[in-house]
Amino acid sequence: MDISPDLIGGQPGTRQHGFQQGLLPLQQALGLEDAFRHLHPHASEFTHTATSGSSSARIDRWLVTDSLLPVVSAAAVSDIKPSDHYGVSLAISPAVAPPRGPGVWAMPPSIITHAAFKTIMAAQIQAFMLACPVSPTAGRAVRWDQLKVHIQDVARNYCSTFHADRTKQLRALRVRAGEMSIPFRQAAVKDARRT
């Protein structure tokens, strides 16, 4: 791996010693690729400059797997310097986005304050954890994904039921308000006829 574009100034090897002795062997052992160097094979960009200003190096990197490398659409060194290092950015753009469902659903935040919702959700999570333990075929990640789907289903059902009940209550109130306003309307008509 040619790291010469990642260094300028200073004595050869002094700025990159930590990388060559520490991160590079780990990167190679894990089969990771430097996203910036993949997209910009000959570019000279630096993320750190010595306080003396005598040398600069690109020591901050995004390392990605071979399977992720094809969807990396951009990698850059930022103009923003939040510390003594410049930031690095990475953009990932999948070639084919997964199909979206029938629509995006978002739980109304106010539902979280409902005591009934809290009780139902706590019971459902506890029941799920007991019914779906971690196993060799369903590890923690699989179980977490299943739990998220279950929680969303419970929240959707609660919201749907809550909305239906609220709609019934509002309709009943409108009917009662209409019934109550009839005598007032009749009285107003009588008053208008007298004048």
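Coordinate-derived values only; no laboratory data. Every value quoted in this text rests on a predicted model; they were computed, and no experiment measured them. Every residue, glycine as well, gets a Cβ built from its backbone with ideal geometry; the counts of neighbours run over all protein chains shown.
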Fill in: Cα Rg over Rh - the range 45-91, Kirkwood
1.06
Practice prompt. Give the residues of the range 123-167 whose amide nitrogen is closer than 13 Å to a point set 7 Å from the Cα of A106 in the direction of its Cβ.
Written response: none
Practice prompt. Sort the following peptides by mean Cβ neighbour count (other Cβ atoms within 10 Å, averaged over residues), highest first: 128-136, 27-35, 66-74, 54-62.
Written response: 54-62, 27-35, 66-74, 128-136
Practice prompt. Give me the distance in nm between label points sitting 7 Å out from Cα along the Cα-to-Cβ direction at Q21 and L170, one decimal.
Written response: 6.9 nm
